[in-house]
Amino acid sequence: MSTYFVIAVIVLVFVVIFQIAKASEYVSILKGEESARKQNNTINGFLMLAFLFLGLIGVFYCHHILSGRLLGESASKEGEKVDEMLNLTFIVTGIVFFITQILLFWFAYRFQEKENRRALFFPHNNTMEVIWTVVPAIVLSVLVVIGLRNWFIFTGDAPKNALVVEVTGRQFGWIFRYPGRDKEFGKRYFRNIDPSSNSLGLVWADNKEFNQKADPATYDDIVNDNTMYVIKNRPVKLIIGSRDVIHDVGLPHFRMKMDAVPGIPTTLWFTPKYTTAEMKEKTGNPNFQYEISCDQICGNGHYSMKGIIEVVSREEYDAWMVKQKPYYYSAFPDRDPSATPMATPSKLDSAAPAPAKTASVKRNLGGNQNKLK
Ligand SMILES: [Cu+2]
């Protein structure tokens, strides 16, 4: 209802301005050009004041309806620094905004054309030039330095105890990888990518065509689509990449974002402050979810690229992790020791395309990639 009211007021204001302009046109015909121009001048002076007051009321009104309806407090410790920067920027630009806008409209009204008034010829003043160049330069430099310092923290080395998760964007979704027990991410190669069985192109097997050797570090990597689990109060470092076009890991609740670029890994770390359950309580929204939104227009399914982050306690995380199976076993179920403990190496060897000369665990786990396709 109030929206319609605001629209109606805006339309009304424009109708009034239009009518005044129309009326003054007729008046100028009747009265002659000179006196009509003077009258227009007075009207314009008052309109300047009207715009100033309406504009200030508009600023106050927008502030009033938006405050409390935005995202709320930062859900990460590092995000607090982003909020501090934003607030500082708002304070500095806010002060400048009010001073300049009020002076601009007030001067236009106050110093309008009058019979006996002569304009002062004021072409140049070096002192003023220096002041309004140096002061903004210093203020902006301070803002930039604070921003750079924070940027180097967020994108720099994560604390040693950080949980490391690899995030890969694809059209249209997110793929998360955890390094598994060896705490090491296995190698990937883009030509190994098969959306149905090897979504990240992990180098599971020897491949002579691509001159690749199977990387045993891939065997325990855990791959998860669309939901990332992280731990409250423990820093999490994201290693970000993309499988196709440029995406962007947007984390509005944590106040972070970082481009996901094919072939160029980017990193970012932050420390979640509240679990998802705590945020449900804090926001009073039982359906609250931490969200990864893709912040880069990346194709016609861009809008659907929503990833979920579950922030949980250490115990809940461990319980979740225990249930995860290495991705390798979902592509090679017959090699899962918990599923088929009786799988014999000789059987596996016969599936390999080019048996190596020496028997090794590596070869047994390698297998035939063509089988996947
Ligand atoms: Cu995207």
Packing-based ranking, highest mean first, of 314-324, 181-191 given that Cβ atoms within 10 Å are counted: 181-191, 314-324
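Would segment 197-327 count as rounded, prolate or oblate if I go by the C-alpha gyration tensor, calling it rounded below 1.5 in a/c and otherwise prolate when a/b exceeds b/c, oblate otherwise? Before the final figure, lay out the partial values.
Values: a/c = 2.29, a/b = 1.44, b/c = 1.60.
Oblate is the answer for segment 197-327, as a/c is 1.5 or above yet b/c matches or exceeds a/b.
Which helices, taking whole DSSP H runs in the chain, have alpha carbons extending 15 angstrom or more along the helix axis plus mean Kyte-Doolittle at least 1.6?
Details: long enough: 2-31 (42 Å, 1.76); 33-66 (47 Å, 0.59); 77-110 (49 Å, 0.74); 126-155 (42 Å, 1.55).
Membrane-span-like by this rule: 2-31.
Sorted by average packing, counted as other Cβ atoms within 10 angstrom per residue and highest first, what order do 251-260, 77-86 take?
Details: 251-260: 20.8, 77-86: 16.2.
Ranked from most to least packed, the peptides come out as 251-260, 77-86.
Net charge near residue 183, counting Lys/Arg +1 and Asp/Glu -1 over other residues with Cβ under 13 Å of its Cβ?
Numbers: positive: 160, 177, 181, 237; negative: 166, 182, 184, 220, 221.
Neighbourhood net charge equals -1.
FRET efficiency for residue 336 and residue 245, Cβ-Cβ distance as r, R0 = 51 Å, nearest 0.05? Please list the in-between numbers first.
Numbers: r = 34 Å, r/R0 = 0.67.
Calculated transfer efficiency: 0.90.
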Under 5 Å, built H, 5+ apart or other chain: amide partners of residue 174: 226
Local electrostatic count at residue 313 - Lys and Arg +1, Asp and Glu -1, tallied over other residues with Cβ under 12 Å: -2
Long pairs among 208/306; 81/306; 81/183, criterion Cα-Cα beyond 28 Å: 208/306; 81/183
Other-chain or far-sequence residues with amide H under 5 Å of residue 257's (modelled H): 251
Full-extension gain in nm, residue 209 to residue 99, via 0.36 nm per residue minus C-alpha separation: 32.7 nm
Among 119, 50, 214, residue whose mean-square fluctuation peaks in a GNM of the chain (springs only between Cα atoms under 10 Å): 119
Two-site FRET efficiency, residue 27 against residue 117, from Cβ-Cβ distance with R₀ of 22 Å, rounded to 0.05: 0.40
Residue of 268, 238, 54 that the Gaussian network model of the chain assigns the largest fluctuation, springs spanning Cα pairs under 10 Å: 54
Length added when fully stretched, residue 10-residue 144, from 0.36 nm per residue minus Cα-Cα: 44.4 nm
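Would you please give the FRET efficiency between residue 181 and residue 152, computed as 1/(1 + (r/R0)^6) with r the Cβ-Cβ distance and R0 = 30 Å, to the nearest 0.05? Show your work: numbers first, answer last.
Numbers: r = 32 Å, r/R0 = 1.08.
Step by step, r from the Cβ atoms, then E = 0.40.
Multiplying the sequence separation of residue 64 and residue 110 by 0.36 nm and subtracting their Cα-Cα distance, what value in nm do you get? Show your work: numbers first, answer last.
Values: separation 46, 0.36 × 46 = 16.56 nm, distance 3.03 nm.
Roughly 13.5 nm would be gained on extension.
Where a number appears in this text, it was derived from the coordinates with a stated rule and is not lab data. Note that the coordinates shown come from a computational prediction; the quantities given were computed from them, not determined experimentally. Because the Cβ atoms are built from the backbone with ideal geometry, glycine has one as well, and the counts that use them run over all protein chains shown.
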